[in-house]
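S.K.: My structure is below; once you've seen it, I'll send some questions.
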Amino acid sequence: MGKRIEVSGLTKKYGSHLAVDDLTLSIEKGEIFGLLGPNGAGKSTTILMLLGLTEVDSGSVKVCGIDATRSPLDVKSKVGYLPEDVGFYNDYSGLQNLMYIARLNNIPIKQARKSALDILEKVGLLDAKDKKVESYSRGMRQRLGLADVLIKEPEVIILDEPTLGLDPEGVRKFLQLIVRLSRKQGITVLFSSHHLHQIQQVCDRVGIFVKGKLLAEGKISDLAEQLFTKNTFTIEVGVTSDQTNLNPPLEEVTKKIKQIKSVANVTLNNNCFLIESKHDISDELSKLIVNLGYGLSYLTKKEYGLDDIYHQYFQEEK
Amino acid sequence: MNTKVFKINIANFAKIKFLELINFIDFFKRRTPDNASNFSLASFKVMVQKEITDHIRNWRFIILFAIIALACMGTLFSTLADTAKTFATNNSENTFFFLNLFTKSDGTLPSFFVFVGFLGPLFGISLGFDAISSEQNKGTLSRVMAQPIPRDYIINAKFLAGIIVISVMLFTLSFLVIGAGLVALGIPPTAEEFIRIVIYTILSIVYVSFWLNLSILFSVRFKQPATSALSGLAVWLFFTIFYPLIVNIIIKGSEPSKFASESKIFIYQKLKFYLVQIMPSELFNEITSALLVPSVRSLSPLTMEQMHGAIPSSLPIGQSLLLVWPQVTGLLALTLLCFLFSYVIFMKREIRSRG
């Protein structure tokens, strides 16, 4: 059904500080989009503007086809937002907290109760529903937060650093839950985090957001190409040579590898080549080595993950 | 040349009018019945309900209510014994026994209205001082803001819930006093007495809600609930202790000699009167005395000519109300001003989680 979130030319200033600088972004229906950036990059500000919670200096924001600055109420009834470090009324039980939000969304009380119990079961809090929230653990609170977001049956979910402070197991379960729900119900998810691995695990598409600017945007594999102009691929090859004197020496092999198109650099280190190239040449490489009479003990393609992209960027910054 | 300019002005003017009209329509869109209005009102009701529940369950409220109720009961019993005696000895028509229950005391305890005037501000401050800041600190504010409700509902709900709680409390106390008097004296209050008591109660609600609003203003302004509670108490202390001291110093300094001209003395008396008029507590005291003591004929200084020929009798209710009308207006204005400021600050603020 087309785009759920459309942002163009979005700018927000705090005094002279440019928090969000001419941001353009669009997210399709059913997509899980990761907004990746360090602290203070303007992720939360962007999210606030998506919900119409803060004023936009210039540019336009459309969520579900509705202008967020003009009619924030309509947007907020379609978007579930889990704020960073969400809080609950501690002296109310989990169910009561959930019911309150349901009532604020104008869900009639009977139906609210039914769907609240449903959702609590989905997020695995049904046993703890009558306990006061102050006795909840961090993970339970976060799951209650997710329940809170889901109860209004949103079309879009916006999660601001939802995994902050969870243990690895908790993070894994939480992410699985989000992916499952999103896939099942076709909910669009905008997921902001500064954790590369979590984003890498769940997101279809990623935007890297630094100092108010979207540096790159796309699938993780495409991102590498956008950010690294050359030598995206690094291949590590281990060779064995049983019969001595039969093969050309390893230095010879190095030269031959260098002759392959698009290879930029080859380093030899104790029967092990490290080859940097622009394209994937593992095919040709293995053929070459075998033809030369060497044994191929291993060949690993080192693809760039977000980690490298991230570090690469910050190295450039410095 | 001139006409041209004039035409352009007219055109601009029409444009502005037109724009204003658009805004105006937009402004009321929220309230048209077909789209979101029922929707929002229902959620507003839910919010007010929650706030009231929170207040009533709160230990702070329970303790303060207990203190106020006990204090009032104490004075009630001491005055009841006293009033019963006067009732036995004096049978005339115009003694306003029920009003005496609120104003007279036998000296062991201050009277009912003194207690309300003294503890009411504390009560108002305690209901409001963490209204917004605690929600912000708990991180619930941004959660509620993410729901489809207009932002002002949050502060309006806090305000309305506070006023409802205060009204219920004050009406309970007033009616309790009337009821106890009824049981003890065996005669019903006259219609005038009843109306006076009801009006007094309504105006004391306004007075307490002034303090409620002031503390809500502080809670919007300050992040720490302790800061806002202390600033609320500081304002209250300033007006009950320090401001009268300052006024005394000024008045002492400007006191005219015994032989000064009449107009000088008149100005001095006026100064004395107006200096205390800024104090909300003084405004309330004047309202109380005019409403509950019908024989009070003037609150400001009078000249001899004005006093001349006056019959020392009590005023009818309408006249008493007329007498305190400026004070009532002042108190209402102060209350609304506090609300306005907190509203504006709150609406303009950017809400981040726990920020």
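S.K.: Quick one: which residue in B:Phe284, B:Phe259, B:Phe266 is surrounded by 12 or more Cβ atoms within 10 Å (Cβ to Cβ), at pLDDT below 85 and out of contact with any strand residue (DSSP E or B) (no Cβ under 8 Å at 6 or more places or on another chain)?
M.R.: Of B:Phe284, B:Phe259, B:Phe266, the one residue that is surrounded by 12 or more Cβ atoms within 10 Å (Cβ to Cβ), at pLDDT below 85 and out of contact with any strand residue (DSSP E or B) (no Cβ under 8 Å at 6 or more places or on another chain) is B:Phe266.
S.K.: When B:Met347 is evaluated against the numbered criteria (1) within 30 Å of B:Asn137 (Cα to Cα); (2) open to solvent by 40 Å² or more (accessible area, probe 1.4 Å); (3) part of a loop (DSSP other than H, G, I, E, B), which criterion, by number, is the only one it fails?
M.R.: If we test B:Met347 against (1) within 30 Å of B:Asn137 (Cα to Cα); (2) open to solvent by 40 Å² or more (accessible area, probe 1.4 Å); (3) part of a loop (DSSP other than H, G, I, E, B), just (3) comes out false.
S.K.: Select from region A:102-111 the residues that are more than 7 Å from chain B (Cβ to nearest Cβ) and open to solvent by less than 50 Å² (accessible area, probe 1.4 Å) and write down the one among them that is nearest to A:Lys152 (Cα to Cα). Quick ask: steps written out before the conclusion?
M.R.: Step one: list which residues in region A:102-111 are more than 7 Å from chain B (Cβ to nearest Cβ), which gives A:102, A:107-111.
Now restrict to residues that are open to solvent by less than 50 Å² (accessible area, probe 1.4 Å): A:102, A:107.
Working: A:Ala102: 7, A:Ile107: 8 Å.
Here the residue is A:Ala102.
S.K.: Given the options A:Ser262, A:Ser286, A:Ser297, name the one that is open to solvent by less than 80 Å² (accessible area, probe 1.4 Å) and at pLDDT below 80.
M.R.: Criteria check complete, one pass: A:Ser262.
S.K.: Kindly indicate which of A:Met140, A:Met99 is more than 30 Å from A:Thr24 (Cβ to Cβ), open to solvent by 10 Å² or more (accessible area, probe 1.4 Å), more than 14 Å from chain B (Cβ to nearest Cβ) and assigned to a helix (DSSP H, G or I).
M.R.: Checking each option against the conditions leaves just A:Met140.
S.K.: I would also like to ask the following. Which one of these does A:Asn269 not meet: (1) surrounded by 15 or more Cβ atoms within 10 Å (Cβ to Cβ); (2) modelled with pLDDT of 70 or more?
M.R.: (1)
S.K.: Among A:Val189, A:Val123, which is the only one that is within 30 Å of A:Gly212 (Cβ to Cβ), more than 14 Å from chain B (Cβ to nearest Cβ) and surrounded by 18 or more Cβ atoms within 10 Å (Cβ to Cβ)? Full working, then the answer.
M.R.: Working: A:Val123 fails: within 30 Å of A:Gly212 (Cβ to Cβ).
Every option except A:Val189 fails the conditions.
S.K.: Okay, next question. Conditions: (1) at the interface with chain A (Cβ under 10 Å from one of its Cβ atoms); (2) touching a helix residue (DSSP H, G or I) at 6+ places or on another chain (Cβ under 6 Å). B:Met145 meets all but one. Number of the miss?
M.R.: Checking B:Met145 against (1) at the interface with chain A (Cβ under 10 Å from one of its Cβ atoms); (2) touching a helix residue (DSSP H, G or I) at 6+ places or on another chain (Cβ under 6 Å), the one that fails is (2).
S.K.: May I pose another question? Kindly state which helices (runs of 4 or more DSSP H) lie completely within region B:131-247 and contain at least 3 residues that are in contact (Cβ under 8 Å) with a residue 60 or more places away in the chain, of a type in the set (D, E, K, R) and surrounded by fewer than 23 Cβ atoms within 10 Å (Cβ to Cβ). Outline the logic, then answer.
M.R.: Numbers: elements: B:133-138, B:140-145, B:152-185, B:191-221, B:225-237.
Qualifying helices (runs of 4 or more DSSP H): B:191-221.
S.K.: Quick check: anything in region A:70-90 at pLDDT below 90 and more than 13 Å from chain B (Cβ to nearest Cβ)?
M.R.: No.
The values are calculated or read from the model by the stated rules, or taken from the named source; none is laboratory data. What you see is a predicted model; the values in this text were computed from it and never measured. Backbone-built Cβ (ideal geometry, glycine too); neighbour counts: all protein chains shown. For accessibility, only protein heavy atoms count, side chains too; no ligands or nucleic acids. Shrake-Rupley method; radii C 1.70, N 1.55, O 1.52, S 1.80 Å.
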